[in-house]
Amino acid sequence: MKEPKIEVDKFKKLIREMYRGFPNWQFRKMVEEVIVTEDMRNSLLDEKFLLKETHVANGKEYDVYMLGPNALNLVSAWETEAL
């Protein structure tokens, strides 16, 4: 039987992917698929783990997310843990 994916692993993968493109890559649906509740996304924004910008294209408004400065500590801790 296959073990279910642990939610924190999805979050860790998201943050690592965002780190690869830091500070220039912007993410949209990927963030919302992993961090499904708006309240949790807002908490991560408040704590500067994520940054959010609103963009307009073709008359439609949408949010994009970038890695925030406090998330760099997470990546550093994960790298140290791997050693």
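A compact table of results
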quantity	calculated
Integer Hz, Karplus 6.51/-1.76/1.60 couplings in order for the stretch 34-39, x for Gly and Pro	8, 9, 6, 9, 5, 4
Equivalent ellipsoid semi-axes, the chain, via Cα gyration tensor eigenvalues times 5, rooted, Å	24, 17, 12
Largest-first ordering by accessible area, 1.4 Å probe, given options Glu79, Glu17, Glu38	Glu38, Glu79, Glu17
Solvent exposure ordering (accessible area, 1.4 Å, most first) of Arg16, Arg41, Arg28	Arg28, Arg16, Arg41
The stretch 19-83, relative contact order in percent, only Cα pairs under 8 angstrom and at least six apart counted	35 percent
Overall dimensions of the stretch 37-80 as given by Cα atoms, namely Rg and Dmax in Å	13.1, 45
Degrees between helix 71-82 axis and first principal axis of the chain (Cα, 0 to 90, nearest 10)	20 degrees
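The values are calculated or read from the model by the stated rules, or taken from the named source; none is laboratory data. None of these values were measured; they are calculated from a predicted model. Ligands, DNA and RNA are stripped out before the accessible areas are found, and what is left, the full protein with its side chains, is counted by its heavy atoms. Shrake-Rupley method; radii C 1.70, N 1.55, O 1.52, S 1.80 Å.
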